[in-house]
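Here's the structure we're looking at; comments come further down.
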Amino acid sequence: MAMVRWSDPFREFAQLQDRVNRAFSDAYGRSDEGLLTSGAWVPPVDIFQNGEHELVLKAELPDIKREDIDITVDNGTLTIKGEKKLSSEVKEEQFHRIERRYGSFSRTFSLPPAIDATKVSADYRDGVLTVKLPMRDEAKPRQVKVEVAA
């Protein structure tokens, strides 16, 4: 299965806007504006097929608690939702700069029909969510022994 990388034009535009804002704030010394930027953020994801005939999805979710992550598989669609919260230990006026994104996120992926949705498993360790999506038995390759007639 070939994976095609989908680029989000809105995300690319937001990144370009951020770079332009940084250039002007660095040039004119206006870096105190908008310390707490809110808005949707998108955690980066890798999807690959391993040797055990399953797809593996790895998402970077740093500083997110397990209970703030929701994973659902429904009608051939995998959805990962969550929220990255700003630490309550540090008050807004104590920040000099905030570059990391905070807030809610949601990622949705269409699953191939060969995935067995009843056997999906997830593990969250060291800020990385790993979702294993095993293929159905009928989708796994089979080896057939050929008998030689004498």
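Screening VAL120, VAL73 for residues that are in contact with a helix residue (DSSP H, G or I) (Cβ under 8 Å, 6 or more places away or on another chain) and at pLDDT 85 or above leaves exactly one candidate, VAL73.
Checked against the criteria, LEU111 counts as surrounded by 13 or more Cβ atoms within 10 Å (Cβ to Cβ), modelled with pLDDT of 90 or more and touching a Gly at 6+ places or on another chain (Cβ under 6 Å).
This table checks each residue for (1) under 15 Å from GLU60 (Cβ atoms); (2) surrounded by 11 or more Cβ atoms within 10 Å (Cβ to Cβ); (3) in contact (Cβ under 8 Å) with a residue 60 or more places away in the chain.
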site: GLN94; (1), (2), (3): no, no, no
site: ARG97; (1), (2), (3): no, no, yes
site: ARG101; (1), (2), (3): yes, yes, yes
site: SER104; (1), (2), (3): no, yes, yes
site: ARG107; (1), (2), (3): yes, yes, yes
site: ILE115; (1), (2), (3): no, yes, yes
site: VAL120; (1), (2), (3): no, yes, no
site: PRO134; (1), (2), (3): no, yes, yes
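So for region 125-138 (the condition being at pLDDT below 90 and assigned to a loop (DSSP other than H, G, I, E, B)), does at least one residue qualify? Looking through region 125-138, at least one residue is at pLDDT below 90 and assigned to a loop (DSSP other than H, G, I, E, B). Once region 47-62 is narrowed to residues that are assigned to a loop (DSSP other than H, G, I, E, B) and at pLDDT 90 or above, the residue that is surrounded by the fewest Cβ atoms within 10 Å (Cβ to Cβ) is PRO62.
The values are calculated or read from the model by the stated rules, or taken from the named source; none is laboratory data. It should be emphasised that the depicted structure is a prediction, and the values quoted were computed from it without experimental measurement. Don't worry about glycine lacking a Cβ; one is built from the backbone with ideal geometry, like all the others, and counts go over all protein chains shown.
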